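Notes to accompany the following structure.
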Amino acid sequence: VNPPQWNGSTQTTTKYRYFDISANAMTQDIIDKGIVKVYTDFNTQSVYSLPVGKADTPGNPNYSYFFQLNPQQLRIGYMNPDATGTLPRAIGTSSSFRYVLIPGGKSLKAKAKNGKLPIDLNNYQEVKKYFGLPK
């Protein structure tokens, strides 16, 4: 999913930019008992698991990327942790974001050994292979 645009939130003392994704499969049960992972590529060949910080580079401030869950909705946002009271400038919309919803319950528990899955959930390639996800 590519953000159509980054909206600005000025409702709280921490200012951030965000976009919302309609995610009809995200139920309260998945939020409460399952696993939700969000990944981005920052328009590169690498894939990063959110939440993640993107370091300062010339012309680009330090940003922290995060996500918020609600039934049928996923919000992806970013903020500048060095200036939480200032709305960050809007960045481009070319970075891709992916999200994976893993229902909880018996099938997930059966796959997990000692309460852990045999993969690194922060590694998108491992998650994709383990759960048989398409690109």
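Mind listing whichever residues of the stretch 66-82 are in a loop (DSSP other than H, G, I, E, B) and either of a type in the set (K, R) or touching a residue at least 24 places away in the same chain (Cβ under 8 Å) (or both)? Hits for the stretch 66-82 are P71, Q72, P81. The single condition from (1) among the β-branched types (V, I, T); (2) under 21 Å from K135 (Cα atoms); (3) in contact with a Leu (Cβ under 6 Å, 6 or more places away or on another chain) that I31 fails is (2). Of the residues making up the stretch 95-135, those that are in contact with a Pro (Cβ under 9 Å, 6 or more places away or on another chain) and assigned to a loop (DSSP other than H, G, I, E, B) are S95, A112. What about Y39, is it touching a helix residue (DSSP H, G or I) at 6+ places or on another chain (Cβ under 9 Å) and farther than 21 Å from A110 by Cα? Spelling it out, Y39 is indeed touching a helix residue (DSSP H, G or I) at 6+ places or on another chain (Cβ under 9 Å) and farther than 21 Å from A110 by Cα.
Considering the stretch 1-47, and only residues there that are within 30 Å of D82 (Cβ to Cβ) and aliphatic (A, V, I, L, M), the residue that is modelled with the lowest pLDDT turns out to be V1.
The values are calculated or read from the model by the stated rules, or taken from the named source; none is laboratory data. On a predicted model such as this, the values are computed, not experimentally measured, just so you know. In this analysis, Cβ positions are derived from the backbone assuming ideal geometry, glycine residues included, and neighbour counts consider all displayed protein chains.
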